[in-house]
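The values are calculated or read from the model by the stated rules, or taken from the named source; none is laboratory data. Fair warning: this is a prediction, and the values are worked out from it, not measured in the lab. Every residue, glycine as well, gets a Cβ built from its backbone with ideal geometry; the counts of neighbours run over all protein chains shown.
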Amino acid sequence: MGHDEALRATLHQPIGREAMPLIQVHLAAGRTDDQKKVLLAAITDAVQRSVGAPVDSIRVWITEFQPTEYMAGGTLLADRE
């Protein structure tokens, strides 16, 4: 068994509730509720497929921030828009 196959086999072992995946997404405000719902569902699906976690054990949430509350490379996101 190669490294990739062994990794996939390990990731898809049954897990208990104590191993519940928790995923927090930091996102600039401005997306619609529908866009956020699609994002949350896609992340849930990706976690289930990649680590084999039961869907009902996966927790995903969005923390939104205003464009004036985030800076990258010395420039506020609000100043980039």
Result of the Cβ filter at 7 Å on segment 53-72, keeping first residues that are within 14 Å of residue 39 (Cα to Cα) and acidic (Asp, Glu) and partners that are modelled with pLDDT of 95 or more and not in a helix (DSSP H, G or I), at least 6 apart or interchain, is 64/27; 64/29
The number of residues in segment 46-81 that are of a type in the set (S, T, N, Q), surrounded by fewer than 12 Cβ atoms within 10 Å (Cβ to Cβ) and in a helix (DSSP H, G or I) is 1
Note on segment 14-40: residues exposed (fewer than 10 other Cβ atoms within 10 Å of the Cβ), at pLDDT below 95 and in a helix (DSSP H, G or I) are 17, 18
